Amino acid sequence: MHPAFSVIFLTTLIGAGQGLFMALVTGQVYSLANLLEPQDNVTFYAAGSALALVLLGFGLVAAVFHLGKPSYFLTRAWRGVTQWRTSWLSRELIALPAFMLLVFLYAVSHYANLTNPLFVIKGQIPVDVTLLLGVIGSLASLVLFVCTAMIYASVRFLQEWHSPLTVANFILFGLASGFTLAAAFSAWSDVALVGFYGVWAVIFTVLAAITRGFSMYRNGRIKHKSTLQTAIGVRHTKIRQRSMGFMGGSFNTREFFHGAGAGSVAAVKLFFVVMVFLVPVALLAASNALGSAYLPILAFAVQYVGLMAERWYFFAEAKHPQNLYYQSVA
Amino acid sequence: MTQLALVIDLNVCVGCHACVTSCKEWNTSGWAGTMVDQRPYDADPTGTFFNRVQMFEVGEYPKTETVHFPKSCLHCEEPPCVPVCPTGASYKREDNGVVLVDYDKCIGCKYCSWACPYGMRELDEQQKVMKKCTLCIDRITDQDLPERERKPACVLACPTTARLFGDVHDPDSEVSIAIRENGGYQLMPEWGTQPANHYLPRRKTRIQIFDDELERADNPLKKEAPLPAAEGETLDDVAY
Ligand code: SF4
Ligand code: SF4
């Protein structure tokens, strides 16, 4: 498949935004249980969720550029929410704005200090508006992760994607980059949560390495269902395409081929393994030892670049059966 | 229910591309138009087509065979491209089973093209909406046309009658009979998409003949003697 930059930016940006939001809520829940220091509503929670909202907003902008024409965003995109019964893309188009609204409300409720408990669970856990929005928002974030990943995982013709591992990867990559960003944000705003978020970031990064490792192993040995024999219905072991019917390329040759050589694809794979998994973990460990405010920020920057490469590779490794019909330029 | 479809006879297709050009000619100026070309006279021409004719070589030289392979949307009975569309632009007509795109609703997200295993959908580079074969829906449903012209442009254009058109759900239709009697098959049956279009295989006409049929069963000597001509006189020379 051809990796489109709009989709690479969209999925990596909203993944990090969703992860950051869930990191903030996790911090809030921990402080509720007196496991962590409570943080300032405005400078930490409101500012942090505003940062998440910025990432989501940029993701939305990237999504607009995935449309045929950006103007379709104003004139037609509203129709995209109508087919939620059957289309995961439609479900994502509902889940993304809904989640953004919840993040916005979470930021506002923290900013407005709406921390009077609405009710108390079992006489111990005071639930206020911010917590309620945080929990609902986290659920919405999970739903959005699933919708985004299922857009790819549900296309059964792309066998490399058609696996629960795709969903696991999207969730874990989002959480890994989001928690790394939370560590970076804590370090930047001088909050003592760098270690807490750093540890979780490393845990999610390691888990993501495991599931991504499995999917790469699976994809390396995948047996494609369609062959040239079933594509044209001729029973012979030797079939070659001599002409695809045109010479200058078509939508089929542009959308479904990445056009990079095997060497470049292997290089991107190595690059993302180093940048997503190895370097950030090393940097987070070093920052824990040195107490540096810059290393977590560097860790996030490195991991984000790595994730863009990972998403590129995700597209490049998927082989569409239609390619069987487009083997020979003539 | 009616399911309109094409049946393409690979045994007669000569790969002349008449269906490709007539398709483009009709549809670029019809309901599904325009089908824009980019750089048509330059080194790297490209454009939107609903129909392509490809060529495959089967076997190893000198035992090779050329298969000309026309390729357009198969109007699947279980079209995987339809449910994935977020806007409802892609749909399958209830009354005749033709799979269509509503160009006023499509946002050009290309998702449906990923969900077609055959690569039959093409995004128009100018209109930025998804396009594909409509089975000439504006011809076949046009009651103002005489009956014999209510067929897709490609079917009317084909000089070898390699393309048949009709209702594959009607067992007595020309297409159903052709599928039944000439070994019609579907492309990539492994995906369960149930393409309505069928292909007829290349076929050879051979007589089956056994050795004993080559001998003269009534030869009293049970062996072939030299022809009488070798002895100077033939049966024809004998006057009765
Ligand atoms: S051939 Fe492709 S575009 Fe046509 S109906 Fe089937 S899946 Fe859809
Ligand atoms: S490209 Fe158009 S027809 Fe295809 S899925 Fe997107 S909106 Fe639907």
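The values are calculated or read from the model by the stated rules, or taken from the named source; none is laboratory data. Computed from a prediction, not measured in an experiment: that's the story for all the values here. Note that we place each Cβ from the backbone using ideal geometry, even for glycine, and neighbour counts take in every protein chain shown. When the accessible area is computed, the model is the full protein with side chains, heavy atoms only, and any ligands, DNA or RNA have been set aside. Shrake-Rupley method; radii C 1.70, N 1.55, O 1.52, S 1.80 Å.
Of the residues A:Leu93, A:Leu101, A:Leu142, which is of a type outside the set (Asp, Glu), in contact (Cβ under 8 Å) with a residue 12 or more places away in the chain and out of contact with any Pro (no Cβ under 9 Å at 6 or more places or on another chain)?
The conditions single out A:Leu142.
Suppose the filter is open to solvent by 60 Å² or more (accessible area, probe 1.4 Å), more than 15 Å from A:Gln303 (Cβ to Cβ) and touching a residue at least 60 places away in the same chain (Cβ under 8 Å); does A:Ala192 pass it?
Considered against the rule, which asks whether it is open to solvent by 60 Å² or more (accessible area, probe 1.4 Å), more than 15 Å from A:Gln303 (Cβ to Cβ) and touching a residue at least 60 places away in the same chain (Cβ under 8 Å), A:Ala192 comes out as yes.
If a residue must be at the interface with chain A (Cβ under 10 Å from one of its Cβ atoms) and more than 11 Å from ligand 2 (Cβ to nearest atom), how many such residues does segment B:77-93 contain?
1
Does B:Thr64 qualify as being within 10 Å of chain A (Cβ to nearest Cβ), under 24 Å from the mean Cα position of the chain (by Cα) and open to solvent by 10 Å² or more (accessible area, probe 1.4 Å)?
yes
Looking only at residues that are free of Cβ contacts under 8 Å to residues at least 60 places away in the same chain and open to solvent by less than 50 Å² (accessible area, probe 1.4 Å) in segment B:129-141, which one is farthest from ligand 2 (Cβ to nearest atom)?
B:Val129
I'd like to verify a number: residues in segment A:65-87 that are free of Cβ contacts under 8 Å to residues at least 40 places away in the same chain and either within 11 Å of ligand 2 (Cβ to nearest atom) or part of a loop (DSSP other than H, G, I, E, B) (or both), how many?
Residues that pass the stated criteria total 16.
From B:Cys23, B:Cys13, B:Cys85, grab the single residue that is on the phi < 0 side of the Ramachandran plot, part of a helix (DSSP H, G or I) and surrounded by 19 or more Cβ atoms within 10 Å (Cβ to Cβ).
B:Cys23
Can you name the condition, by its number, that B:Asp42 falls short on among (1) more than 13 Å from ligand 1 (Cβ to nearest atom); (2) open to solvent by 10 Å² or more (accessible area, probe 1.4 Å); (3) in a strand (DSSP E or B)?
It is condition (3) that B:Asp42 fails.
Could you tell me whether B:Ala32 is part of a loop (DSSP other than H, G, I, E, B) and in contact with a strand residue (DSSP E or B) (Cβ under 7 Å, 6 or more places away or on another chain)?
yes
Which residue out of A:Leu144, A:Leu131, A:Leu158 is aliphatic (A, V, I, L, M), under 14 Å from A:Leu32 (Cα atoms) and open to solvent by less than 20 Å² (accessible area, probe 1.4 Å)?
Unique residue meeting the criteria: A:Leu131.
So, in segment A:228-245, exactly how many residues are more than 7 Å from every other protein chain (Cβ to nearest Cβ) and part of a loop (DSSP other than H, G, I, E, B)?
Count: 2.
Test of understanding: among B:Leu74, B:Leu100, which residue is more than 7 Å from chain A (Cβ to nearest Cβ), more than 11 Å from ligand 2 (Cβ to nearest atom) and either buried (at least 24 other Cβ atoms within 10 Å of the Cβ) or at pLDDT 95 or above (or both)?
From the options B:Leu74, B:Leu100, the qualifying one is B:Leu74.
Can you tell me which residues in segment A:67-126 are within 24 Å of A:Leu20 (Cβ to Cβ), crowded, with 19+ Cβ neighbours inside 10 Å and polar (S, T, N, Q)?
Answer for segment A:67-126, where residues must be within 24 Å of A:Leu20 (Cβ to Cβ), crowded, with 19+ Cβ neighbours inside 10 Å and polar (S, T, N, Q): just A:Ser109.
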